[in-house]
1. Which of the residues that make up the range 187-203 are assigned to a loop (DSSP other than H, G, I, E, B) and without any contact (Cβ under 8 Å) to a residue 60 or more places away in the chain?
2. For residue 206, state whether it is within 18 Å of the chain's Cα centre (by Cα), within 29 Å of residue 225 (Cβ to Cβ) and free of Cβ contacts under 8 Å to residues at least 40 places away in the same chain.
3. Which ones in the range 206-217 are open to solvent by 30 Å² or more (accessible area, probe 1.4 Å) and either small (Gly, Ala, Ser) or within 19 Å of residue 102 (Cα to Cα) (or both)?
4. Which one is most open to solvent (accessible area, probe 1.4 Å) among residues in the range 46-76 that are among the polar types (S, T, N, Q) and touching a residue at least 60 places away in the same chain (Cβ under 8 Å)?
5. Across the range 84-95, what is the number of residues that are open to solvent by less than 60 Å² (accessible area, probe 1.4 Å) and either in contact with a Gly (Cβ under 8 Å, 6 or more places away or on another chain) or part of a helix (DSSP H, G or I) (or both)?
6. Quick check on the range 1-32: of everything there that is open to solvent by 20 Å² or more (accessible area, probe 1.4 Å) and either under 20 Å from the mean Cα position of the chain (by Cα) or among the aromatic types (Phe, Trp, Tyr) (or both), which residue is nearest to residue 121 (Cα to Cα)?
7. Any idea which of 108, 179 is out of contact with any His (no Cβ under 6 Å at 6 or more places or on another chain), farther than 26 Å from residue 30 by Cα and open to solvent by 40 Å² or more (accessible area, probe 1.4 Å)?
8. In the range 43-68, what residues are part of a loop (DSSP other than H, G, I, E, B), in contact with an Asp or Glu (Cβ under 9 Å, 6 or more places away or on another chain) and not basic (Lys, Arg)?
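The values are calculated or read from the model by the stated rules, or taken from the named source; none is laboratory data. Computed from a predicted model, the values in this text were never measured in an experiment. For neighbour counting, all protein chains shown are included, and Cβ atoms are generated from backbone atoms with ideal geometry for every residue, glycine included. Side chains included, ligands, DNA and RNA excluded: accessible areas come from the protein's heavy atoms. Shrake-Rupley method; radii C 1.70, N 1.55, O 1.52, S 1.80 Å.
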Amino acid sequence: MEDKWRGYQYRKLQFENHEAIIVYPEEGTANGYLAVKTEYWGAFPQAIELPLLENGFYLCYIKNDSRFGLDEDLDRKARFIRYVQYEYGLKNTCIPVGMSCGGMIAIKLAARYPELIQCLYLDAPVVNYMSWPCGFGIGNSVLENYSEILNALGLQNISQLIACRDMPLDRLPVLVENKIPVVMVSGDCDQTVPYCENGMFLEKAYKDAGVEIEVYIKPNGDHHPHGLADPKMVLDFIMRHCR
């Protein structure tokens, strides 16, 4: 096992028979807050994970059984978050970092456990199953993933999926009701998770309700790479909510 991850000390462990990792900020810099990568560990850490570590955040991740945010995954993740917070004497709220399907998971986690959330960083989040993976709008169709989502959600066919009322879209009212601050990044040319079919629903719900949200749309930006060229605005938003 490596001694460091991206230059930071870390610990690998098994939590409830699931692989997990905890990354520590430099000694003497800890600010008491925990950032949680919700999916795709190791992907695009420069977007916000490394800046957060540099500013004293702990960072953790636990492997999901499914990238569709099943309740059992969310419940295990919440238990793991509480374990890390207790083990290292951290504050009792965290900052989920959700990219793509990880954004879906972050939304569902915040809706199921709003008391655990300080604020959310969402990057090209999946909000609408009809857009991804179905590809019924302007984005690329992901037909090979129908079986993945149907099996994950315990559905038999596309008709049942169309009738599903447990998409991230359906959980937005809980985020609004709890006034959970959101900073969101997306590309205006995202061909995988188009903003107008996903993140825009969240932006509209928040702005209609007067709940705090900052949105950064990257000109000519596709789904990858995640993050802004300069993460300062996202970092400033998170730091402001952790003072």
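1. 188, 189, 191
2. Values: within 18 Å of the chain's Cα centre (by Cα): yes; within 29 Å of residue 225 (Cβ to Cβ): yes; free of Cβ contacts under 8 Å to residues at least 40 places away in the same chain: yes.
So residue 206 fits the description; yes.
3. First, pick out the residues of the range 206-217 that are open to solvent by 30 Å² or more (accessible area, probe 1.4 Å): 207-210, 212, 214-217.
Answer for the range 206-217, where residues must be open to solvent by 30 Å² or more (accessible area, probe 1.4 Å) and either small (Gly, Ala, Ser) or within 19 Å of residue 102 (Cα to Cα) (or both): 209, 210, 214, 215, 216, 217.
4. Going through the qualifying residues, I end up with 46.
5. Total satisfying the criteria: 3.
6. Ranking the qualifying residues of the range 1-32, first place goes to 24.
7. 179
8. Result: 44, 48, 56, 57, 64, 65, 66, 68.
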